[in-house]
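Asker: Dropping a structure here in C-alpha cells format, bear with me for questions.
The values are calculated or read from the model by the stated rules, or taken from the named source; none is laboratory data. Since the model is a prediction, treat every value here as computed from it, not as a measurement. Here the Cβ positions follow ideal geometry from the backbone for every residue, glycine too, while neighbour counts run over all protein chains shown.
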Amino acid sequence: MTQPSVLLIRPREQALTLQQQLLERGIYSDHYSFIDIVANDAAAELLPVYQGQHWHGIIFVSRNAVDYACQWWPQDWPATQYFAVGPGTACYAAKAIQQPVSCPWQQHNSETLLTLPELKWVNQQQWLIVRGLGGRELIADTLRARGAEVHYWQVYQRRQKTVDGAQLLQAWQNSITQIVVTSAEQLGYFLASLPQHALSWLQRCHWIVPGERIAGLIPFSSGDRITMTGSATDSAIIQALTKGS
C-alpha cells in the first residue's frame, strides 16, 4: 500500500475533495482535523433581529459560516451586497442563499477583501459578519474605523479535539514530507498536540500555507521550506504541491 506523502490539516469535508483531486494526480495524502465544528445555539436567538434589519452588506468568513447560518435562515435572504474572503466560500454561499456573492480574486484574505471599493465607503452603513465564535477582528475593526456599524452573527463554534499526539506522529513521520495547513487555529492545536521529539520531523517537512500570517506562526521552519499560495482554495494548493513534479 502506498504511503501518503502529504498531510492535509483541515476539516474532513474540505480535505476529502482535495484528497481525491491529489490522488488523480498521483499524490497520496492523509488528512486530519484538530477541531470539531458545532453549532452555536445562541445564534438562533438573534435571528429575528437580524432578519428584520436592513443590511448594506453581509460577509461570510467561511463555508462553515454558510452552513450553520443556513440551518437557521434557510431561504429568503435579503437583496443586498454579499461578500466572502475567497472564491470557494463565495461560490458555496451563492448556491446556498441564491444571491450573488463577491470576493477578491487575487489574494484571498481579509486584508484584500477590505480593499474592494464596496467596503471602502461604508460610513453610516449597517454590516453583518457571519462567522464562528472568536476569530480575527480585522474586518469589523476596519469597517468601524470607516464609519460603519458592524454586527457579528456567530453561528458556530470550534472545539479542540483530544488526540494522542505520539500515536499520530508514529503514523506520519516516516512518510509525510509536506504539510498543508490553512487555519491558524488548526496549526496551533497541531503543534501543541505533538511531543517534543517531533520537532526534527516538522523541520524537515515542506509547509504549504495561504499567506504570511500563518507562515509567521511556524516557529522552526526556514523560509525556503514554506510555500505561500496566496489562497486556501484547492486549486492553489494543488498547484503548489505539483509544482516541479
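Asker: Counting residues that are aromatic (Phe, Trp, Tyr) and more than 14 Å from the chain's Cα centre (by Cα), which strands (runs of 3 or more DSSP E) fully inside the stretch 97-190 reach at least 1?
Answerer: 126-132, 149-160
Asker: Any idea how many residues of the stretch 114-139 are farther than 18 Å from Ala43 by Cα and either in contact with a Phe, Trp or Tyr (Cβ under 8 Å, 6 or more places away or on another chain) or in the same structural domain as Leu194 (by TED's automatic domain parsing) (or both)?
Answerer: Residues flagged as farther than 18 Å from Ala43 by Cα and either in contact with a Phe, Trp or Tyr (Cβ under 8 Å, 6 or more places away or on another chain) or in the same structural domain as Leu194 (by TED's automatic domain parsing) (or both) within the stretch 114-139 amount to 4.
Asker: Does Asp76 count as acidic (Asp, Glu), part of a loop (DSSP other than H, G, I, E, B), at positive phi and exposed (fewer than 15 other Cβ atoms within 10 Å of the Cβ)?
Answerer: yes
Asker: Hey, another quick one. Which residues, taken from the stretch 151-190, are touching a Gly at 6+ places or on another chain (Cβ under 8 Å) and farther than 27 Å from Ala240 by Cβ?
Answerer: Of everything in the stretch 151-190, those that are touching a Gly at 6+ places or on another chain (Cβ under 8 Å) and farther than 27 Å from Ala240 by Cβ turn out to be Gln154, Val155, Tyr156, Gln157.
Asker: List the number of the failed condition for Val130; all other conditions in (1) farther than 16 Å from Thr233 by Cβ; (2) out of contact with any helix residue (DSSP H, G or I) (no Cβ under 8 Å at 6 or more places or on another chain) hold.
Answerer: (2)
Asker: Select from the stretch 162-180 the residues that are β-branched (Val, Ile, Thr) and either closer than 17 Å to Arg204 by Cα or modelled with pLDDT of 85 or more (or both) and list them in ascending order.
Answerer: Ile176, Thr177, Ile179, Val180, listed by residue number.
Per-residue answers, yes or no, for (1) of a type in the set (Val, Ile, Thr); (2) under 18 Å from the mean Cα position of the chain (by Cα); (3) at pLDDT below 95:
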{"residue": "Asp36", "(1), (2), (3)": "no, yes, yes"}
{"residue": "His56", "(1), (2), (3)": "no, no, no"}
{"residue": "Ser62", "(1), (2), (3)": "no, yes, yes"}
{"residue": "Pro74", "(1), (2), (3)": "no, no, yes"}
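Asker: When the stretch 35-45 is examined, which residues are found to be in a helix (DSSP H, G or I) and loosely packed, with under 12 Cβ neighbours inside 10 Å?
Answerer: Result: Glu45, single match.
Asker: Consider only pairs whose beta carbons are under 7 Å apart and that are at least six residues apart or on different chains; among these, list those whose first residue lies in the stretch 224-237 and is of a type in the set (Ser, Thr, Tyr) and whose second residue is part of a loop (DSSP other than H, G, I, E, B).
Answerer: As it stands, the answer is Thr229/Pro210; Ser231/Gly86; Ser231/His108; Ser231/Pro210; Thr233/Gly86; Thr233/His108, since those pairs meet every condition given.
Asker: Quick test for you: out of Gln154, Gln167, Gln186, Gln173, pick the one residue that is assigned by TED's automatic domain parsing to the domain that holds Ser231 and under 30 Å from Glu45 (Cα atoms).
Answerer: Gln186
Asker: Continuing with this model, one more query. Could you figure out which of (1) surrounded by fewer than 18 Cβ atoms within 10 Å (Cβ to Cβ); (2) within 15 Å of Leu128 (Cα to Cα); (3) touching a residue at least 40 places away in the same chain (Cβ under 8 Å) isn't true of Pro48?
Answerer: Every condition holds for Pro48 apart from (3).
Asker: Quick check on the stretch 14-34. Is at least one of its residues assigned by TED's automatic domain parsing to the domain that holds Val155 and among the β-branched types (Val, Ile, Thr)?
Answerer: Checked the stretch 14-34: no residue is assigned by TED's automatic domain parsing to the domain that holds Val155 and among the β-branched types (Val, Ile, Thr).
Asker: So the check is Cβ under 9 Å with 6+ separation or different chains; which pairs have a first residue in the stretch 136-158 that's in contact (Cβ under 8 Å) with a residue 40 or more places away in the chain and a second one that's acidic (Asp, Glu) and surrounded by fewer than 19 Cβ atoms within 10 Å (Cβ to Cβ)?
Answerer: Val155/Asp67; Tyr156/Asp67; Arg158/Asp36; Arg158/Glu185
Listed here are the residues, each with its yes/no results for (1) surrounded by 13 or more Cβ atoms within 10 Å (Cβ to Cβ); (2) within 23 Å of Asp36 (Cα to Cα); (3) among the charged types (D, E, K, R); (4) modelled with pLDDT of 90 or more.
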position: Leu202; (1), (2), (3), (4): yes, no, no, yes
position: Gly211; (1), (2), (3), (4): yes, no, no, no
position: Leu217; (1), (2), (3), (4): yes, yes, no, yes
position: Ser221; (1), (2), (3), (4): yes, no, no, no
